[in-house]
Amino acid sequence: MDFITLEIIPFIKNHMILSLGWIVLFIAIIVITIKSKLSKVQIISNAQAINMINKQDAVIVDIRSADNFKKGHITEAHNILPIDIKNASAKTIEKFKENLIIVIDDNGLTSGGIGEILVKQGFLHVFALKDGIAGWNGENLPLVRK
């Protein structure tokens, strides 16, 4: 047995919870990586979103609350709550199933999951904005305020 093996076994025995934590974290990273590679929803940057909006008539679906939407949103964005998308009751965007759809949330954490739901509902080209409206605002990109 080599030095590393002789050191690892006692460490694991003495630090069982820490070792299990590292194993769970490692497995979670692998699962998230595989899931993102298999996802039909691509994460895009602000620059890519601007290009899609200006040159390809992308439709913006802002899934934030109505209050947050009023505080600032991208021009011509559709404010649709995640629950309405999950229940397939978002009729205002049904006509855009063949368009590019960019899903935007507060910080980029939930838009991918909602995008996956849209894909399952028949939307062909769904994207999620990396870092959400916080990233957009952080680059001082224009927002409409109501």
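Entry note, the chain: the mean residue ellipticity at 222 nm calculated from DSSP H runs of n ≥ 4, each adding -39500 (n - 2.57), is -15000 deg cm²/dmol after division by the residues and rounding to the nearest 500. Placing +1 on the Cβ of every Lys and Arg and -1 on the Cβ of every Asp and Glu, with no other charges, gives the chain a dipole of roughly 360 debye about its Cα centre.
Under a 5 Å amide H cut-off, with hydrogens placed 1.01 Å from N, Ala128 pairs with Gln42, Ile43, Ile44, Val103 among residues at least 5 apart or on other chains.
With a cut-off of 15 Å between beta carbons, the residues surrounding Gly135 carry a summed charge of -3, where Lys and Arg count +1 and Asp and Glu -1. For the range 106-113, the Karplus equation 6.51 cos²θ - 1.76 cosθ + 1.60, evaluated at θ = phi - 60°, returns couplings of 5, 9, x, 8, 10, 5, x, x Hz by residue, with Gly and Pro reported as x. Taking every DSSP bridge with both residues inside the chain, close to 5 percent are antiparallel. Remark: relative contact order (the range 41-138) = 35 percent; criterion is Cα-Cα distance under 8 angstrom and separation of 6 or more residues. Counting only alpha carbon atoms, the long axis of helix 46-56 and the longest principal axis of the chain meet at about 40°. Basic side chains Lys and Arg get +1 at the Cβ, acidic Asp and Glu get -1 at the Cβ, and with that the dipole of the range 35-78 about its Cα centre reaches some 280 debye. Amide H contacts of Ile60: His78, Ile102, each under 5 Å away and 5 or more positions distant or on a separate chain (H built 1.01 Å from N in the peptide plane; Pro and chain starts excluded).
Loop-resident GluC sites (Glu not before Pro) (DSSP state other than H, G, I, E or B) in the range 52-134 with no more than 11 further Cβ atoms inside 10 Å of their Cβ: Glu76, Glu98.
Any chance you could check the Cα centroid distance between the range 36-73 and the range 80-139 for me, in angstrom? Their Cα centres are 7 Å away from one another. Ranking Leu20, Phe123, Ile93 by Cα position along the charge dipole of the chain, where only Lys, Arg, Asp and Glu carry charges on their C-beta atoms, puts Ile93 farthest toward the positive end. For the chain, set up a Gaussian network in which alpha carbons nearer than 10 Å are linked by springs, and say which option among Ser89, Ser19, Ser111 fluctuates the most. Looking only at Ser89, Ser19, Ser111, the largest GNM fluctuation is found for Ser19.
Karplus-derived 3J(HN,Hα) values for the range 136-142, using 6.51 cos²θ - 1.76 cosθ + 1.60 with θ = phi - 60°, are 4, 5, x, 9, 6, 7, x Hz; glycine and proline are entered as x.
Each value in this text was obtained by applying a stated rule to the coordinates, not by laboratory testing. Treat the numbers as computed from the prediction; the structure is a model and nothing was measured. A quick note on method: Cβ atoms are made from the backbone with ideal geometry, for glycine too, and the neighbour counts reach across all protein chains shown.
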